[in-house]
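Below is one structure, written out as structure tokens; comments come after it.
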Amino acid sequence: MTRRRLFAPRWQTGHRCHRLKRAFCYVTGRLSFEDANDIMRECERPARSYPLMMLTPQSVLDMAIKRYGEQAAALEPYLADACAHVAQRWDPPAEEYWHPRDWALSTAIDHAAKDGITLADVEEETEYHANPVSKGEDRNA
């Protein structure tokens, strides 16, 4: 019992020191990617804002690789700016049909095309037809 009482204040002090270090890094403009994400997660509850999807260059790159194959890695330098562009201009109520990752990807492709980089679609089966059923086979069997 005594051990727990001693551990809790030590953990709280260490946690507070870490948060102060992150705050200092934020103020001085040296915040790491991981620390920035931690701050956003910690601010969700006080801000009463719970985003369902985070638009990141990595998520757009993953989608591009699925769509265009490994050649999509050439888009990497354009993805952060494309995500920033979409985040500044995104208006969900007016544009619910337009998925932000698709918009960021098309913006990155447009910027890459200006630099002479083009991508060809990769032929792949859709997820819906991954397990086709033959004529004589019953789906519920």
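Could you please let me know if residue 59 is of a type in the set (Gly, Ala, Ser), free of Cβ contacts under 8 Å to residues at least 40 places away in the same chain and out of contact with any Pro (no Cβ under 9 Å at 6 or more places or on another chain)?
Spelling it out, it is not the case that residue 59 is of a type in the set (Gly, Ala, Ser), free of Cβ contacts under 8 Å to residues at least 40 places away in the same chain and out of contact with any Pro (no Cβ under 9 Å at 6 or more places or on another chain).
Note on the range 48-66: among residues that are surrounded by 15 or more Cβ atoms within 10 Å (Cβ to Cβ) and among the small types (Gly, Ala, Ser), the one that is modelled with the lowest pLDDT is 59.
The condition of being surrounded by 13 or more Cβ atoms within 10 Å (Cβ to Cβ) and small (Gly, Ala, Ser) holds for only one of 69, 29, that being 69. In this structure, residue 87 does not qualify as in the same structural domain as residue 64 (by TED's automatic domain parsing), at pLDDT 90 or above, in a helix (DSSP H, G or I) and not hydroxyl-bearing (Ser, Thr, Tyr).
The values are calculated or read from the model by the stated rules, or taken from the named source; none is laboratory data. Values in this document were obtained by computation on a predicted structure and should not be read as measured data. A quick note on method: Cβ atoms are made from the backbone with ideal geometry, for glycine too, and the neighbour counts reach across all protein chains shown.
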